[in-house]
1. Among the residues of segment 78-95, write down those that are in contact with a Gly (Cβ under 7 Å, 6 or more places away or on another chain), open to solvent by 30 Å² or more (accessible area, probe 1.4 Å) and at pLDDT 95 or above.
2. Any chance you could count how many residues in segment 45-59 are open to solvent by 30 Å² or more (accessible area, probe 1.4 Å) and of a type in the set (A, V, I, L, M)?
3. Counting only residues that are closer than 24 Å to E23 by Cβ, give me the strands (runs of 3 or more DSSP E) lying completely in segment 68-163 with at least 2 of them.
4. A41 passes all but one of (1) open to solvent by less than 10 Å² (accessible area, probe 1.4 Å); (2) under 26 Å from Q152 (Cβ atoms); (3) over 19 Å from the mean Cα position of the chain (by Cα); which number fails?
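The values are calculated or read from the model by the stated rules, or taken from the named source; none is laboratory data. Computed from a predicted structure; not experimentally measured. Glycine also receives a Cβ, built like all others from the backbone with ideal geometry; neighbour counts cover every protein chain displayed. Calculation scope for accessible area: heavy atoms of the full protein, side chains included, ligands and nucleic acids excluded. Shrake-Rupley method; radii C 1.70, N 1.55, O 1.52, S 1.80 Å.
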Amino acid sequence: MVAVVRLCKDRGMTSLVDLLPSEAIDLHGSAPDWRAAIAAAGELLVATGVATAEYTAEMIRNVEENGPYIVITPGFAFAHARPSPAVNRTGMAWVRLREPVAFGSPNDPVDLIVALAATDAEVHTDAMAALAKVLVEPGADAVLRAVGTPGQLIALLAGPPPEPAAPPAGTAAAAGAPAVKGETHSAAPHSAARSKSGPMKILTVCGNGVGTSLFLKSTLE
């Protein structure tokens with residue numbers, strides 16, 4: 001199951017879910033080539049008011065000038081360009097293609113394209129860190145390709161609800177008594193696994209996002 005991928009709230013960041021409304025998700029996309037695939041994601045950014053059509057052109061030009069480094073893991077492309085006046089506000093778009101396309105990358109063919117438009121470099125890096133936490137989950141690629149509706153995708157990105165607080169020592173629940181109807185108890189293995197997980201830290205120096213993407217690609221591999 002895809003784990004919680006919300007960005008660190010103690011740093012005041014926004015979550016992936018906040019950046020990706022259902023109107024910016026297309027799970028039945030179609031494109032003859034990689035340029036059209038990026039354009040499909042860019043059109044969703046334009047439709048949701050995140051960016052202008054010029055930003056779509058910038059994302060395509062980024063690949064033309066720097067190569068297919070945005071294909072960061074098998075079948076997955078992270079389309080983006082540097083913050084510019086073409087970005088109205090930070091947001092994302094998600095396109096799953098019915099037929100994959102080639103970018104000229106060892107990770108071809110690509111059927112998942114996520115586009116990011118960010119107003120500043122910090123948000124750009126934060127979003128990539130959150131995406132990394134999705135992609136490194138075992139089986140995440142299969143889950144992301146199996147969702148049937150935008151709502152299901154958003155639910156996966158939002159992660160499971162917070163676990164209820166542990167009952168005070170000496171109560172029936174703490175002693176292992178049978179659960180009363182309507183009560184919810186968390187499984188111990190899940191709690192233990194969560195306690196071992198730590199923050200993902202990424203240090204990058206990048207202009208068009210090349211450094212960030214290459215670091216993320218190397219990490220995932």
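1. Selection gives N88 alone.
2. So the count comes out to 4.
3. Working: elements: 71-73, 76-80, 91-101, 110-117.
Because the criterion is at least 2 residues that are closer than 24 Å to E23 by Cβ, the strands (runs of 3 or more DSSP E) in segment 68-163 that meet it are 76-80, 91-101, 110-117.
4. (3)
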